[in-house]
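Worksheet: the structure to be examined is printed underneath.
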Amino acid sequence: MSHGTAIDAYLSDLRARRTKARQGRQPSETAHPAGELTLPGHVERWAGLKPDQPALVTADETLSYRQLDDQAARLAGWLAGHGVRAGDRVGVHLPNGARFVVTMLAVLRLGAVHVPVNPMFRAAELRHELTDAAPEVVVTQDALLPVLDEVREATPVRTVLADRDWPDAVAHARHEPIADDLDALAALNYTGGTTGLPKGCEHTQRHMVYTATAIDNGRMPDAREQARGIVSVCYLPVFWIAGENLGILAPLVSGGTSVLLARWDAAAVLDAVDTHGATTMAGTVENYLELLDHPELARRDLSSLTAPLTVSFVRKLTPALRARWKAAVGAHSVLREASYGMTETHTSDTNTLGFQDADQDLTTDPVFCGLPVPGTDFMVVDFVTGAPLPLGERGEIVVRGPSVLTRYWRAPEATASALRDGWLHTGDIGTLDEEGCLHYLGRDKDMIKVKGMSVFPTEVETLLAQHPDVVAAAVVAVPDTDSGERPYAFVRTVPGARATGEGLREWAAAAMATYKVPAVVEIVDALPLTPTGKIRKTELTVRATRTRPAP
């Protein structure tokens, strides 16, 4: 059997399994009733159908669909008047707020390229992104001008729109035509730079709208909810692609409302859900624990929140936490993991909906990611040969679908390495189960080899977290003369716990295979985190390597 024939047979079997698994759980297709429209096209459509419905709510203002469409069209006119044409990059150097959303819509209306720029960047980071993407126009705010001015001469930036000129820009004559090429370059979303300097992922509006529609269809809402659209409370930064999905794309494509917060604030989130009848939000496990402990929780109506999503970066979602949330909010509000994805795929590639009965999604091998959204395919393949691996066998996750990046911006070698025969090679390790669901085990570079045996940090972390005194764990590799490598665990314990590192190591020796047992369990007050809430394992690796006991 040829390689191509083997893949066809493998995919045919997977699709049959997934079709059966979706029944009664998830929709079987991803399609928008309005057909193929760009993001500004959807906003214009909703401005005609329900002009007065709030499209965007922030602390400073509320914009109806009519107002949002009008401001975007006027800003597009201003940008065109300053020389922006289809294909030109425009830097959007802004925090969460109405200006970010209006600017993104205006850029896409012109067929130009949206380049979200992290407003937390320091000079070196900002210089790299502005030099690489090469926008000639940047939209920012006065508070961010000092760092922009510091690097501006070394970049192609020639025009800056900040606070003083914003009122005139959104009072400009409207730019009426809406660029309608769904497959043209529409955004450069930069990766986190875990393997060198960040790379720009080329995304189109087809990628955006497919992602938004998959998120909407993945709710399986009733007719009333469907007509209302997604009402999302988002405090994730919208200059990151996960925030873009939740805070811009999903609500606006569905004709819903984006309630956009500047940052995480438990009281503000409770107020927003209650006031606006939010249907979804996404946060870390720590965020939900803070909500559950908040004195205002019992006085707030969260009955609209049918799709609360979480991301287990440090603390993990557990059956006990899910039960506690359900008891506090209502049986209709089932807390579940969000989805598998990355910047290269627009992040919302799987759906865990329907696997919560008996906590199936939380009691299987870590980490359960669910089924691919309709139209997207996953395989698990051999890292070397690329051959599909049997169900249950661990290998590289590869993905293809309507939201996978077109290429890396100005990086042909990286593109050729990652995109092969239409498949994105993620570098992630995973397995597929009997229903065709994806399970994530970690990055290939994070895997620990103990005497040739593979140890997956996520697996050891999950096992350690089962100890009653453990709040969170992070496992990295350290060199070992006898074994090649050994796991080294950093653990946070509950306040007042009397557990010791050696005691936890002894407990681990009884809970897992010998080769998985950490050489050291070090108790720490806190784990170092990235701005996105992920554990800085490179920092922990350096620390572990310096402090490990002599072999």
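The values are calculated or read from the model by the stated rules, or taken from the named source; none is laboratory data. Being a predicted model, the structure only gives us computed values, none of them experimental. No Cβ is skipped: glycine too gets one built from the backbone with ideal geometry, and neighbour counts run over all protein chains shown. Each accessible area value is taken on the protein alone, full model and side chains, heavy atoms only, with ligands, DNA and RNA left out. Shrake-Rupley method; radii C 1.70, N 1.55, O 1.52, S 1.80 Å.
Is region 80-183 rounded, prolate or oblate when judged by the Cα gyration tensor, a ≥ b ≥ c being the square roots of its eigenvalues, rounded requiring a/c under 1.5 and prolate requiring a/b larger than b/c?
Prolate shape, in that a/c is at least 1.5 and a/b is the bigger ratio.
Using the heavy atoms of the protein chains and a 1.4 angstrom probe, tell me the accessible area per residue for the chain in square angstrom. Don't skip to the answer; put the middle values down first.
Working: 22960 Å² over 551 residues.
Value for the chain: 42 Å² per residue.
Hey, for a label at ASP149 modelled as a point 7 Å past Cα toward Cβ, could you say which residues of region 95-127 have their backbone N under 16 Å away?
Answer for region 95-127: 123.
Could you compute the net charge surrounding ARG127? Neighbours are other residues with a C-beta less than 11 Å from the C-beta of ARG127; K and R count +1, D and E count -1. Walk me through the intermediate numbers first.
On the way: positive: ARG122, ARG152; negative: GLU125, GLU129, ASP132, GLU150, GLU153.
With Lys, Arg at +1 and Asp, Glu at -1, the neighbours total -3.
How do the peptides 55-61, 244-250 rank, highest first, by the average count of neighbouring beta carbon atoms within 10 Å per residue?
Working: 55-61: 17.7, 244-250: 27.3.
Averaged packing, sorted descending, gives the order 244-250, 55-61.
At 1.4 Å probe size, with the rest of the protein present, what percent of the exposed accessible area of region 62-195 is carbon and sulfur atoms? Before the final figure, lay out the partial values.
On the way: 2530 of 5270 Å².
Carbon and sulfur atoms account for 48 percent of the accessible area of region 62-195.
Could you order the peptides 537-543, 252-258, 112-118 from most to least packed, using the average number of other C-beta atoms within 10 Å per residue? Kindly include the intermediate steps, with their values, before the conclusion.
Numbers: 537-543: 16.3, 252-258: 26.1, 112-118: 24.0.
Going by the mean number of other Cβ atoms within 10 Å, highest first, we get 252-258, 112-118, 537-543.
How far, in degrees from 0 to 90, does helix 501-511 lean away from the longest principal axis of the Cα atoms of the chain, to the nearest 10?
Approximately 80 degrees, to the nearest ten.
Among all stretches of the chain without exposed chymotrypsin sites (Phe, Trp or Tyr not before Pro) (DSSP loop, at most 16 other Cβ atoms within 10 Å), which one is longest? If you can, show how the numbers build up before the last one.
On the way: sites that count: TRP264, PHE383.
Segment 1-263 is the longest.
How many nm separate the modelled label positions at THR500 and ARG164, each set 7 Å beyond the Cα in the direction of the Cβ?
According to this spin-label approximation, the distance is 6.6 nm.
For the chain, take the longest principal axis of its alpha carbons; what is the angle in degrees between that and the long axis of helix 98-109, to the nearest 10 within 0 to 90?
The angle comes out near 70 degrees.
Taking the Cα centre of the chain as the origin, how large is its charge dipole in debye, to the nearest 20, when only Lys and Arg (+1) and Asp and Glu (-1) carry charge on their Cβ atoms?
420
Taking region 269-298, which GluC sites (Glu not before Pro) meet the DSSP loop condition and have no more than 13 other C-beta atoms within 10 Å? Could you put the intermediate results ahead of the total?
Working: sites: GLU286, GLU290, GLU296; in loops: GLU296.
Answer by residue number: GLU296.
Based on Cα coordinates alone, diagonalise the gyration tensor for region 86-147, multiply each eigenvalue by 5, take square roots, and list the semi-axes in whole Å, largest first.
Values: eigenvalues 69, 43, 12 Å².
That gives 19, 15, 8 Å for the three semi-axes.
Find, among the GluC sites (Glu not before Pro) in region 1-58, those assigned to loop by DSSP (not H, G, I, E, B) with at most 14 other beta-carbon atoms within 10 angstrom. Can you show the working numbers first?
Working: sites: GLU29, GLU36, GLU44; in loops: GLU29, GLU36.
The qualifying sites are GLU29, GLU36.
Using only Cα atoms, tell me the angle between helix 537-547 and the longest principal axis of the chain; keep it within 0 to 90° and round to the nearest 10.
Once rounded, the angle reads 30 degrees.
Leaving out ligands, DNA and RNA, and with a 1.4 Å probe, what % of the accessible surface on region 467-521 is carbon or sulfur?
47
Over the chain, what portion of Cα pair distances is larger than 34 Å, expressed as a whole percent?
Values: 61903 of 151525 pairs.
When every Cα pair of the chain is considered, 41 percent fall beyond 34 Å.
Mind giving me the nanometre distance, one decimal, between the label points for ARG224 and GLU296, set 7 Å out from Cα along Cα→Cβ?
Placing both labels 7 Å along Cα→Cβ, they lie 2.5 nm apart.
Figure the gain on full extension for ASP60 and ALA511 (residue separation times 0.36 nm, minus the Cα-Cα span) and round it to one decimal in nm. Could the numbers behind the result be given before it?
Numbers: separation 451, 0.36 × 451 = 162.36 nm, distance 5.24 nm.
Computed gain between ASP60 and ALA511 is 157.1 nm.
Can you give me the distance in nm between label points at ASP183 and ALA16, each placed 7 Å from the Cα along the Cα-to-Cβ direction?
With each label placed 7 Å out from Cα toward Cβ, I get 3.2 nm.
When DSSP assigns beta bridges and you keep just the ones with both residues in the chain, what percent turn out antiparallel, to the nearest 5? Don't skip to the answer; put the middle values down first.
On the way: 45 of 75 bridges.
For the chain, the DSSP antiparallel bridge percentage is about 60.
Starting from region 421-474, pick out the trypsin sites (Lys or Arg not before Pro) whose DSSP state is loop and whose Cβ has at most 13 other Cβ atoms within 10 Å. Present the calculation step by step, with values, prior to reporting the outcome.
Numbers: sites: ARG443, LYS445, LYS449, LYS451; in loops: LYS451.
Answer in residue order: LYS451.
So, with +1 on the Cβ of K and R and -1 on the Cβ of D and E, and no other charges, what is the size of the charge dipole of region 60-192 about its Cα centre, to the nearest 20 debye? Before the final figure, lay out the partial values.
Details: 12 positive and 20 negative charges, 16 e Å.
Value, rounded to 20: 80 debye.
Around ARG174, what is the net charge, scoring Lys/Arg as +1 and Asp/Glu as -1 over all other residues with Cβ under 9 Å from its Cβ?
Charge balance near ARG174 sits at -1.
In the structure shown, do any of LYS199/LYS445; LYS326/LYS449; LYS20/LYS326; LYS199/LYS534; LYS20/LYS50; LYS316/LYS516 have a Cα-Cα gap over 30 Å, and if so which? Walk me through the numbers on the way to the answer.
Working: LYS199/LYS445 18 Å; LYS326/LYS449 40 Å; LYS20/LYS326 28 Å; LYS199/LYS534 19 Å; LYS20/LYS50 38 Å; LYS316/LYS516 20 Å.
Over 30 Å Cα-Cα: LYS326/LYS449; LYS20/LYS50.
Need one word for region 366-426: rounded, prolate or oblate. Basis is the Cα gyration tensor (sqrt eigenvalues a ≥ b ≥ c); a/c below 1.5 gives rounded, then a/b vs b/c decides.
Oblate is the answer for region 366-426, as a/c is 1.5 or above yet b/c matches or exceeds a/b.
Among HIS93, VAL460, HIS175, flag the residue with its Cα farthest along the positive direction of the charge dipole of the chain, charges on Cβ as +1 for Lys/Arg and -1 for Asp/Glu.
The residue sitting farthest along the positive end of the dipole is VAL460.
With the full set of protein chains in place, find how many percent of the accessible area of region 346-399 is carbon and sulfur; take the probe as 1.4 Å.
Working: 950 of 1850 Å².
Whole-percent figure for carbon plus sulfur exposure: 51.
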